[in-house]
Amino acid sequence: MTDITVPARKPARPHFSSGPCAKPPGYAPEKLSVESLGRSHRAKIGKARLAYCIDLMREVLQLPDTHRIGIVPGSDTGAFEMAMWTMLGARGVTTLAWESFGEGWVTDAAKQLKLDPTVIRADYGQLPDLTQVDWNTDVLFTWNGTTSGVRVPNADFIPADREGLSFADATSAVFAYDIDWSKIDVATFSWQKVLGGEGGHGVLILGPRAVERLETYTPAWPLPKVFRLVSKGKLAEGVFKGETINTPSMLAVEDAIFALEWAKGLGGLEGLKARSDANAAALDKIVQERDWLSHLAADEATRSKTSVCLSVEGADADFIKQFAGLLEKQNAAYDIAGYRDAPAGLRIWCGATVDTQDLVDLGPWLDWAYASLKN
C-alpha cells in the first residue's frame, strides 16, 4: 500500500452525529445547575425550572403567544405520535414522505390508526410536489428530512385558509430556520438535535386550531395515559406550564437550559442560524472541491443546512462503514455514516452546536479516508 499522508490537524470536537448531536461549545456537566436534582418535579423548584425551560424555548424560537409549548415523553417520536393519536381521524389525512421518519408517520397513520391516508412520496434526495397537497385534509410532513438531507424551503406551500391541520415534524429544523408559525398548527422536536441536548424528552407545540381540535374531537380509539392532553373536554393547560404528564429527567431539563442560555447568548435564533449557515457553507466548499463527493439533495433550495447527506462515488454500504470506521479510529470524525435505510453515503451534522473550523479541518480527513480505502 502506498503511504498516504495523515492530516496534521484534527477537528477539535469531531462530533458530527445527526442525533444525538454535538453539545454546545464550552459545555461541561459541572456547569449545569443541580439544585433541582433529587427534588420532585412537582415541587416549587422543579416546576419553576420546567417553566423556565419552556420560556427559553419560546424566546429563542420566537414563538408567538398564540402557540402553546409543552415538554412530553418519548423524544420527537413520542411528541409526534401524541399529536397523531389525539387529533387525527376528524377528517381525511395526507402524509408526505421523502425519507425514513416521514415513512414512519405513513406507517402509523395507515397501519396503526388505519386512516387510509393519501401518501405523497419522493425518493431520497428529492422533495414531493407540494402543490399536490389537499389542505382540506390534515397534513403530516417532515420539515427537515434528517435521513435524506432534504427540507421544505419555507412554509409558503401551506395556505392561510387551510381547512385541515398542518403537522410538522420539525426536529432537525427548529433553531436553524425561520418558521412561519402562523402556518403551523402542530410542531414537534427534541432537544437532542439542534440544541445538542439529551434524549428522551419531546417538545410539542400547539397552535390555536390544534387546541380547538383537541377540545372538540374525541378519537375513536383509546388513548394511553401519556398521550392524554384533554381533561373534562378542556386542554390540560398545566402540561404547557411545566406540569409534565410523567416524570421528566431534571438533569436533561438542566442540560437543555444550558443549551438555550448559550443560544440566547449568541443572539438567539439569528445567532444559531448564522452558525448553521456558516457550517453548511464550509461543508459545501469541501464537496465542491472534490469530484468524488456530491450532495444527495441536488437542489440547493431544498437542501438541509443541518443534516447534510453526501454521496461518495462508487461507494456501497460496506465502503461507507469502513470509511466512517477509519475516521472514528483516528478520532477525526464520529458517527458520519448515512442512516441505515438511506442510500449508502455520509451524513454530517452542520447545526449550530458544531464549530465551523472543525468542519474545515474535516476536509483533509475525508480525503485521507477515501484515498486509504481506494488504495
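Around the amide H of SER307, modelled in the peptide plane, lie the amide H atoms of CYS350, all under 5 Å away and 5 or more residues distant in sequence or on another chain.
Placing R0 at 51 angstrom, the Cβ-Cβ distance between LEU32 and ASP180 gives a FRET efficiency of 0.90 after rounding to 0.05. Normalised radius of gyration (Cα atoms, divided by 2.2 N^0.38 Å) for the stretch 214-255: 1.40. Report note on the peptides 353-359, 264-270: ranked by the mean count of other C-beta atoms within 10 Å, highest first, their order is 353-359, 264-270. Whole-Hz Karplus values for the stretch 22-38 come out as 3, 5, x, x, x, 5, 7, x, 5, 7, 6, 6, 10, 4, 7, 6, x Hz, taken residue by residue from phi with 6.51 cos²θ - 1.76 cosθ + 1.60 and θ = phi - 60°; glycine and proline positions read x. For the pairs LYS285/LYS321; LYS10/LYS264; LYS234/LYS305; LYS23/LYS329, flag any whose C-alpha to C-alpha distance is greater than 27 Å. Check vs 27 Å cut-off fails for LYS10/LYS264; LYS234/LYS305. Calculated mean residue ellipticity at 222 nm for the chain: -10000 deg cm²/dmol, from DSSP H runs with n ≥ 4 weighted as -39500 (n - 2.57), summed, divided by the residue count and rounded to 500. Straight-line reach from LYS183: which aspartates and glutamates have a Cα under 17 Å away, not including same-chain ones fewer than 8 places off? List returned: ASP65, ASP134, ASP138, ASP156, ASP161, GLU163, ASP169, GLU212. Taking amide H as placed 1.01 Å from N in the peptide plane, the amide H of GLY89 sits under 5 Å from none that are at least 5 places away or on another chain.
Between ARG209, ARG275, ARG290, the GNM of the chain built on Cα springs shorter than 10 angstrom shows ARG290 fluctuating the most. The mean sequence separation of alpha-carbon pairs under 8 Å and at least six residues apart, normalised by the residue count of the stretch 326-375, gives a relative contact order of 32 percent.
Take the solvent-accessible surface of the protein heavy atoms, probe 1.4 Å, and return the percent of it on the chain that carbon and sulfur atoms account for. Within the chain, the accessible surface is 49 percent carbon and sulfur.
A protection proxy built from the mean count of other Cβ atoms within 10 Å ranks the segments 239-250, 80-91, most packed first, as 80-91, 239-250. With a Förster radius of 51 Å applied to the C-beta separation of SER40 and LYS114, the computed FRET efficiency comes to 0.80. Principal semi-axes of the equivalent ellipsoid, √(5λ) from the alpha carbon gyration tensor of the chain, are 36, 26, 17 Å from largest down.
The values are calculated or read from the model by the stated rules, or taken from the named source; none is laboratory data. Bear in mind the structure is a predicted one, so any value in this text is a computation, not a measurement. No Cβ is skipped: glycine too gets one built from the backbone with ideal geometry, and neighbour counts run over all protein chains shown. SASA here: full protein model, heavy atoms, side chains in, ligands and nucleic acids out. Shrake-Rupley method; radii C 1.70, N 1.55, O 1.52, S 1.80 Å.
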